Each structure stands twice: as structure tokens, then as C-alpha cells.
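Down below is the structure, laid out as C-alpha cells.
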Amino acid sequence: MVDKAQVLSLCRSLLRAGRKYPDYNIREYTKRRTLDGFRMNKNLTDPSKVEEAYAEGKAQLEVVERVVKVYMAYPPKTKNIMELKLQ
């Protein structure tokens, strides 16, 4: 059975992993997608559905961590407009 502390820990882990992206747009997308997913599932009461949603969240965390590693190994050559400093 998944308890509230595990769910909150997963949410924090996803948000932390999303902050590691160097690209502003991807960071914000990851944050928005994480919060939307947890808000959508906050009213689940069936233990099997909760376990299923938790497993999906863990899988997404693994994907985010893997993609961050690849993204850091091969960063984009250009910056987007949000990352450029005004001169």
C-alpha cells in the first residue's frame, strides 16, 4: 500500500528532477505536467488505482532522470529567448 508520504516524496522527486533541465521550456513543462498529474489523481481512493498511479509516476521519474542525463550530455547549441541576458 502506498501512503501519503511516499506520494509526496515522488512529487518532490519529479519536481527536483525537472529543475535539472537547462532549457526553460522543458523545466516549466515538466513542472506543469507533474503538478497537473498529481492534481488529477488526488481524489483516488481505490488502493489498486493508487498503486497504478504511483507506479506510473515512478516510471515517469525514471524517464525524466534518464532524459536529463542525455540532455546534459548533448546540450543544445542555441539558447531560447528566455535564457538570453539583456545586454
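The values are calculated or read from the model by the stated rules, or taken from the named source; none is laboratory data. These numbers come from a predicted model, not from an experiment. Heads up, the Cβs are rebuilt from the backbone with ideal geometry, glycines too, and the neighbour counts pull from every protein chain shown. These accessible areas exclude ligands, DNA and RNA; they are computed on the full protein's heavy atoms, side chains included. Shrake-Rupley method; radii C 1.70, N 1.55, O 1.52, S 1.80 Å.
Tell me, please, whether a residue that is farther than 27 Å from Lys79 by Cα, of a type in the set (D, E, K, R) and in contact (Cβ under 8 Å) with a residue 40 or more places away in the chain can be found in segment 15-27. No, that holds for no residue.
When each of Arg12, Arg19, Arg39, Arg33 is tested for being within 8 Å of the chain's Cα centre (by Cα) and of a type in the set (Lys, Arg), the lone residue that passes is Arg33. Tallying residues that are under 14 Å from Gly18 (Cα atoms) and open to solvent by less than 100 Å² (accessible area, probe 1.4 Å) within segment 60-87 yields 9. When you scan segment 39-64, how many residues do you find that are part of a helix (DSSP H, G or I) and either more than 30 Å from Lys79 (Cβ to Cβ) or among the acidic types (Asp, Glu) (or both)? So the answer is 16.
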